[in-house]
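Step one of this worksheet: look at the structure below.
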């Protein structure tokens, strides 16, 4: 098993290591990480991030992308409220900008020497986060994801492994075996697996109140996948027990006139709520190791959200204690 630390290529993350390759390498070594899963690979500076430590990359995440893909410009404009914002968010107004972005990132990953790329299977519109009344179903998101992935890899020479990541939004939540099978069978590119995100899976169950309940839920869900469990090659390993908050948020949102909000105000509120829904905190109970023992992943990725190196170190220490 290869133990990795998730890291952004952006300066807000590298600055905590003083933008120093040696500091990053020493931090990884001290904490017994064998490498990095890098987010935003196109922005990697090899003078700062040790190239040889990058084992995987996290490909671009477009939370809401289906309307760009299908050419529903009216819906895009309704959601983002200006042509300039559409251009800024996607880098263009044509579906080909997404294909190009993913191909560029895959080429960058191969140049770095990464063995895999993580691809989110999900879609959520900004306003849907307030009420969980989603525009598209799991089935629709999976169908469009198959289309997108098949276009990305059509006549594209690569052998990188693509790991499909579960979300708690419509798409691949891992709670519907038939959709996981449909996704894997429908993707023509065959070097494909799954990156299980434990926190994202826990976010789908509002009734979880303890790590013990969360661990059991994760294992039971994967057990229900049967033979598809073998596709799980990696784990984004972190804890999220936000169900009670989410239920209260949805009740509060009924009284919130978010549709009349200024876009920037709404975006800020959504970001705040997302941070409270998707914890990215460490497991602290010994039962967490049961997930690793059951799945036996090739890659174990610590994926935390912190605002300082000291807090990151504390999270790493807590999670290490839970599995050692």
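So if we plug the beta-carbon distance of residue 268 and residue 207 into 1/(1 + (r/R0)^6) with R0 = 22 Å, what FRET efficiency do we get, rounded to 0.05? With R0 = 22 Å, the Cβ-Cβ based efficiency is 0.15. Contact order for the chain, expressed relative to its length and based on alpha carbon pairs under 8 Å spaced 6+ residues apart, stands at 17 percent.
Taking every DSSP beta bridge that has both ends in segment 2-322, the antiparallel portion is near 5%. Full extension of the chain segment joining residue 311 with residue 181 gains 42.9 nm, where the gain is 0.36 nm per residue of separation less the Cα-Cα distance.
Length gained on full extension, residue 51 to residue 318: 93.4 nm, using 0.36 nm per residue less the C-alpha separation. Roughly how far apart, in whole Å, are the Cα centres of segment 169-187 and segment 221-257? Value for the Cα centre distance between the two parts: 15 Å. The calculated FRET efficiency for residue 244 paired with residue 94, based on their beta-carbon distance and R0 = 45 Å, is about 0.60. Taken as Cα centroids, segment 297-317 and segment 78-118 sit 26 Å apart, rounded to the nearest whole angstrom.
Based on C-alpha pairs under 8 angstrom that are at least 6 apart in sequence, segment 1-126 has a relative contact order of 27 percent. The P(r) of segment 2-322 has a tail past 23 Å containing 59 percent of all C-alpha pairs.
According to the Cα-based calculation, Rg over Rh for segment 158-302 is 1.02, with Rh computed by the Kirkwood formula. Just to verify a number: FRET efficiency for residue 188 and residue 19, C-beta to C-beta distance, R0 = 56 Å, to 0.05? For residue 188 and residue 19, the calculated efficiency is 0.85.
Helix-only arithmetic for the chain: the sum of -39500 (n - 2.57) across DSSP H runs with n ≥ 4, divided by the residue total, places the mean residue ellipticity at 222 nm at -13500 deg cm²/dmol. A crude spin-label estimate for the pair residue 70 and residue 111, with each label 7 Å from Cα along the Cβ direction, gives 3.6 nm.
Taken together, the values in this text are just the output of simple stated rules run on the coordinates, not laboratory data. Quantities reported herein were computed from a predicted structural model and do not represent experimental measurements. In this analysis, Cβ positions are derived from the backbone assuming ideal geometry, glycine residues included, and neighbour counts consider all displayed protein chains.
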